[in-house]
Amino acid sequence: MFELLTDPNAWAALVTLTVLEIVLGIDNLVFISVLVQRLEARAARRARQIGLSLALIFRIVLLALLTWIMGLTEPLFAILGRAVSWRDLILIAGGLFLIVKATREIHDEVEARHAGRGPLTTADAFYWVVLQLIAIDLVFSLDSIITAIGMAQDIEIMVAAVVIAVIVMYGASGPVAAFIRSHPTTKMLALSFLLLIGVALVADGFEFHIPRGYIYFAMAFAAAVEAFNVIASRNRRRRREMERS
């Protein structure tokens, strides 16, 4: 343990793995931010706290079960000559869940089905959101930990990287959720991200790996375009107010 504190390779592995875990956590963060939009502000904050706490707990528990995690990658059965493992099934199920969830949310937004409704306040709605957070946290945690196992050899480094990444996610979750709430058009963009992530998870489950760099570049580019749209809209609104005054 103490040898790691003076080992530059350990520090390099910690920094690299922490950055990677933060990037991989973007998927989790976007899903949580979108999912809590239907709740009132206080319940949404509690749901975010529960979701991120579960993300941390699941990741640490899965790290403690390294042998079991590696066993999930062992072939379970074969379809058309292609081996299928428990990890593949979990990724496919998680990806399909994201695709269905994002598609339904997009449909509701396009049809304006919830127009005029306030935030959901019932306990059932809150617990339903928490259940969905648990399901998707498990999927993202499994993907994240399998990546961590391939990046580092010491469990102390993995745990430290996961804790730091979740702390960063927690700090960013509030501003991201508030931004989506105050700029409704960005919710459609976030839902599109979830669709893209869902497709990537399903592809991974079928052993067709889509490089995450391509996905994150597309997300960053789309987010930059939307940021310019938000700034332009804000400037037009200020200009109209100045002309009226």
Original post:
Looking only at residues in the stretch 84-99 that are touching a residue at least 24 places away in the same chain (Cβ under 8 Å) and among the aliphatic types (A, V, I, L, M), which one is surrounded by the most Cβ atoms within 10 Å (Cβ to Cβ)?
Top reply: LEU98
Subject >> Where GLY51 falls short, out of the listed (1) in a helix (DSSP H, G or I); (2) at pLDDT 80 or above; (3) over 28 Å from THR185 (Cα atoms) >> reply: (3)
Original post:
Looking at GLY171, GLY198, which one is within 27 Å of ARG45 (Cβ to Cβ), under 15 Å from the mean Cα position of the chain (by Cα) and free of Cβ contacts under 8 Å to residues at least 12 places away in the same chain?
Top reply: GLY171
**OP:** Among residues belonging to the stretch 8-56 that are under 16 Å from ALA172 (Cα atoms) and acidic (Asp, Glu), point out the one that is surrounded by the fewest Cβ atoms within 10 Å (Cβ to Cβ).
**Re:** GLU21
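The values are calculated or read from the model by the stated rules, or taken from the named source; none is laboratory data. Worth saying up front: this structure is predicted, and the values here are computed from it rather than measured. Please note: Cβ atoms are built from the backbone with ideal geometry, for glycine as well, and neighbour counts cover all protein chains shown.
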